[in-house]
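The next block holds one structure in the form of structure tokens; read it before the comments.
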């Protein structure tokens with residue numbers, strides 16, 4: 001049971017502005033033979049809730065952007081806003097991408113994206129990513 005907790009935590013942290021990757025944990029749990037549906041559910045839930053934290057921070061902490069400790073530098077913030085303005089809500093399907101995904105969910109909060117569309121699109125994108133990771137993990141284990 002602790003395995004799911006580790007997966008949830010790594011998925012959650014990986015979706016926040018902190019550097020972390022959950023794919024290695026997911027791969028190991030696939031290798032150990034845990035039920036794939038449960039792994040997908042836990043990883044997607046953790047990663048989506050981590051993105052929700054970014055959204056909330058974007059909504060409520062932007063007033064601190066001029067502080068030295070503020071995570072997103074103006075150039076990253078501007079890039080994420082350009083991406084969001086170019087593709088709109090649909091860009092949230094790409095919240096799983098490295099480097100731009102976390103700032104994108106933060107910017108969605110800054111731009112006051114409504115919660116339900118945010119959650120639907122982010123969850124779909126993150127679930128699709130974890131499905132790909134699980135499929136590749138299973139395939140790679142069958143190669144050996």
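The values are calculated or read from the model by the stated rules, or taken from the named source; none is laboratory data. Worth saying up front: this structure is predicted, and the values here are computed from it rather than measured. Here the Cβ is made from the backbone with ideal geometry for all residues, glycine too, and neighbour counts use every protein chain on show.
Odds and ends about this structure:
- Against the test of being free of Cβ contacts under 8 Å to residues at least 24 places away in the same chain, within 18 Å of the chain's Cα centre (by Cα) and closer than 15 Å to residue 133 by Cα, the options 24, 43 yield a single qualifying residue, 24.
- Top-ranked residue of segment 1-21 - restricted to ones that are closer than 28 Å to residue 84 by Cβ and without any contact (Cβ under 8 Å) to a residue 24 or more places away in the chain, ranked as surrounded by the fewest Cβ atoms within 10 Å (Cβ to Cβ): 19
- Some residue of segment 67-76 being free of Cβ contacts under 8 Å to residues at least 40 places away in the same chain, within 16 Å of the chain's Cα centre (by Cα) and farther than 30 Å from residue 35 by Cα: no
- Of residues in segment 106-122 being in a helix (DSSP H, G or I) and crowded, with 19+ Cβ neighbours inside 10 Å, the one farthest from the chain's Cα centre (by Cα): 110
- Residue within segment 60-72 that is closer than 22 Å to residue 127 by Cβ, surrounded by fewer than 15 Cβ atoms within 10 Å (Cβ to Cβ) and at pLDDT 80 or above present: no
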